[in-house]
């Protein structure tokens, strides 16, 4: 199908974007990479009065490391994130996730901020942001505010961003010596996940001292595992503790069912991934790389 | 607000400068096909899943149906017609024919555009890498095997010939 009629502004400054958002609110849609907005327009699932194209705003670009934090600009394209030396060095979880983010042509256009602001429950980057304890900078004419990923994702394509706010950047703290594990299952490489985990774990002297276990493609938003973490915190990651974490999963997750996978199947697949991920983390922390 | 809003654009298509006034809601492939008559770029799903509309915009592979024509203002666009005329993937096209890597041919322009991006890197690729790279392009006829064969063989041939031809 073809997109419905709309007005289009190629924004030339941040101020212009914020003024338009103030005026149009929910009647405006931000066009960044367009890899989710354009399908929604073509299928007429979205019919905004105004499209604000932010691709020309230089302030929203770039990836930088400073004072123990990585800043990823909202307009950083997936391909830039995937190839970034900063991301590979400081955010290995995101580096591991990037090959799963859609397909080559989509990665060439799609943006980090777009994925975060859309908050698709099956998307990789919101889950990584949650596991990495990232925060997001939102700006309106009234000013800037910073919000933690754990407060930002509210539900099914729903976030804490107000209609007059623009997502500017993600700020991601670098944690040395934490072990990243990213696993997902999809019907076809690059398609939306039907189960996925983004874990970051701190293992000291063979004992799991702390972890952030994010599950995605299950609930309406990425979920931080609490019961599964409680089962392994302070423990050695062995078959017994890993099974305890897997057994606790139903307390953490009540997956949604869809045509791609039933709720029961998703929960089962998450238990498979959790088992694999924790075993991989233990192997990585103790220097015993598992054969592929 | 309720009328059809239009905007002038200037861009380069297959090396030729082009200037037009386009409806702001028109996507790039509709512009190329219906205005410029470049019908080699196909529209399958029109929502970014099938890859038939693959194009090269400013040097990188994109989904043509997921870009507005107005966003191509100032851009350098290469379609399958342009790729064909420069001979950049003439050897791959020959390999497609030899190995029956196309049947109905609907996906072929997109497949060639996608493969061209992989081949520009110039290095040998494993079959798994080729499959991962082409995963965003649907083919409903061949079962993909012959397509992977063609890309693999062409990359091997280029590597043995000892050169980056691009």
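Computed from the coordinates by the stated procedures, all read-outs in this text should not be read as laboratory data. Model, not experiment: these values are computed from the prediction. Neighbour counts are summed over all protein chains in view; Cβ atoms, including those assigned to glycine, are modelled from backbone coordinates with ideal geometry.
Using only alpha carbon positions, build the gyration tensor of chain B, then give the equivalent ellipsoid semi-axes as the square roots of 5 times its eigenvalues, largest first, whole angstrom.
Working: eigenvalues 184, 57, 31 Å².
They are 30, 17, 12 Å, listed from largest to smallest.
Exposure proxy for A:159, B:86, B:79: other Cβ atoms within 10 Å of each Cβ, ordered fewest to most, give B:86, A:159, B:79. Computed as a quarter of the hull surface, the mean projected area of the alpha carbon convex hull for chain A stands at 15.2 nm².
Using the alpha-carbon centroid of each, what span in Å lies between the range A:178-209 and the range B:16-65? Centre-to-centre (Cα) distance: 37 Å. Every helix of 4 or more DSSP H residues in the protein assembly as shown counts as -39500 (n - 2.57), and over all residues that averages to -9500 deg cm²/dmol at 222 nm.
Relative to the longest principal axis of the Cα atoms of chain A, the long axis of helix A:14-24 makes an angle of roughly 80 degrees. By the beta-carbon count within 10 Å of each Cβ, the least crowded to most crowded order of A:8, A:157, fewest first, is A:157, A:8.
Sorted from largest to smallest, which semi-axis lengths in Å does the alpha carbon gyration tensor of the range A:1-112 give for its equivalent ellipsoid, taking the root of 5 times each eigenvalue? Value: 28, 18, 9 Å, ordered largest first.
Counts of other chain beta carbons within 10 angstrom of each beta carbon in peptide B:52-63 average 4.
Take the alpha-carbon positions of the range A:58-173, form their convex hull, and give its projected area averaged over all directions (one quarter of the hull surface) in nm². Let's see the in-between values first.
Numbers: hull surface 27.4 nm².
Convex hull of Cα atoms, orientation-averaged projection: 6.8 nm².
Taking each pair of different alpha-carbon atoms in the range A:179-285 once, compute 1/r for the pair, average those values, and report the inverse of that mean as the Kirkwood hydrodynamic radius in Å to one decimal. If you can, show how the numbers build up before the last one.
Numbers: mean 1/r = 0.0733 Å⁻¹.
This gives a value of 13.6 Å.
Each principal axis of the Cα cloud of the range B:6-83 was taken in turn, and the coordinate range along them, longest first, works out to 29, 26, 21 Å.
Can you pull the Kirkwood radius for the range B:87-160, inverse mean 1/r over Cα pairs, to one decimal in Å? Walk me through the numbers on the way to the answer.
Values: mean 1/r = 0.0837 Å⁻¹.
For the range B:87-160, inverting the mean 1/r across all distinct Cα pairs yields 11.9 Å.
What number, in percent, do you get for the relative contact order of the range B:6-83 if the mean sequence gap of Cα pairs under 8 Å and at least 6 apart is divided by its residue count? List each step's numbers first, then the result.
Values: 153 pairs, mean separation 30.6, N = 78.
Over the range B:6-83, the number comes to 39 percent.
Once the Cα atoms are used to define both axes, helix B:108-120 deviates from the longest principal axis of chain B by about 70 degrees. With N counted as the residues of the range A:7-53, its alpha-carbon radius of gyration over 2.2 N^0.38 Å works out to 1.10. Relative to the dominant Cα principal axis of chain A, helix A:263-285 is inclined by about 70°.
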